[in-house]
Amino acid sequence: MEPPLLLSGTAGCGKTTIAVYYLLKREFLGKRRLFLTFSPNLKRFSQRIYEGLVRHTDLEEYAPQPDFVALRDLMRDILKKRAQEYEDEREVHLQEFKEILSSNTLSRKYDAELVWEEVRSIIKSAKPPLSAQRYRKLISDRLSEKISRADMVELKDSLLGLKRFKGSDRGLRALEKKPSMPPTMSSYWAR
């Protein structure tokens with residue numbers, strides 16, 4: 001199937017294996033690919049699956065291997081580039097979360113592990129807030145018709161997020177009137 005795709009299932013049902021096979025799609029070969037996971041163990045396991053699939057095939061030499069990265073390592077790299085340090089002690093794990101939740105009067109009403117998984121799923125799918133400076137750059141690039149496809153998607157997502165605010169419809173209509181706007185844009189804004 002074409003992305004985006006949601007795989008849901010119990011442990012051991014094959015979600016990771018399917019994701020690793022997806023990295024081997026013909027149209028992705030020769031391109032930079034990333035396998036990102038929360039778990040360092042799953043990262044290593046996935047990398048071993050991939051290496052096993054390409055061993056003794058043309059892909060072993062032809063295609064560059066994807067980057068297999070654990071989220072924590074990615075965060076460390078990003079912060080290092082900004083001359084900041086990742087603070088392990090600020091992480092909250094399940095046991096600490098249970099202690100935090102137990103101080104809430106509603107804690108007896110909800111299962112801590114279910115709440116923990118719900119919070120994690122919300123965080124994993126959350127998008128970072130758009131800064132005013134980034135928003136201005138995206139608008140400027142769009143108006144000067146120098147915007148990349150990825151930046152256009154980011155701009156559309158940001159504007160759709162602003163749709164509930166008074167006056168935002170004018171901005172959406174103004175962008176829609178630009179002659180180089182893709183033909184599907186009107187239907188996208190209408191959603």
Next item on the list: Those residues that are touching a Pro at 6+ places or on another chain (Cβ under 7 Å) and either more than 22 Å from MET1 (Cα to Cα) or in contact (Cβ under 8 Å) with a residue 60 or more places away in the chain (or both), I need them from the range 16-69; list them, please.
Entry: none
Next item on the list: Out of the residues in the range 25-53 that are at pLDDT below 90 and touching a helix residue (DSSP H, G or I) at 6+ places or on another chain (Cβ under 6 Å), state the one that is surrounded by the fewest Cβ atoms within 10 Å (Cβ to Cβ).
Entry: PHE38
Next item on the list: Give the residues of the range 50-95 that are in a helix (DSSP H, G or I), within 19 Å of PRO40 (Cβ to Cβ) and either among the acidic types (Asp, Glu) or in contact with a Gly (Cβ under 9 Å, 6 or more places away or on another chain) (or both), sorted by residue number.
Entry: GLU51, ASP73, ASP77, ASP88, GLU89
Check: Has the range 17-24 got any residue that is farther than 24 Å from MET75 by Cα, surrounded by fewer than 12 Cβ atoms within 10 Å (Cβ to Cβ) and either of a type in the set (Ser, Thr, Tyr) or in contact with a Ser or Thr (Cβ under 9 Å, 6 or more places away or on another chain) (or both)?
Finding: no
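The values are calculated or read from the model by the stated rules, or taken from the named source; none is laboratory data. Keep in mind that this is a model prediction, so the values were computed, not measured. As a convention, Cβ positions derive from the backbone with ideal geometry for all residues, glycine included, and neighbour counts pool all protein chains shown.
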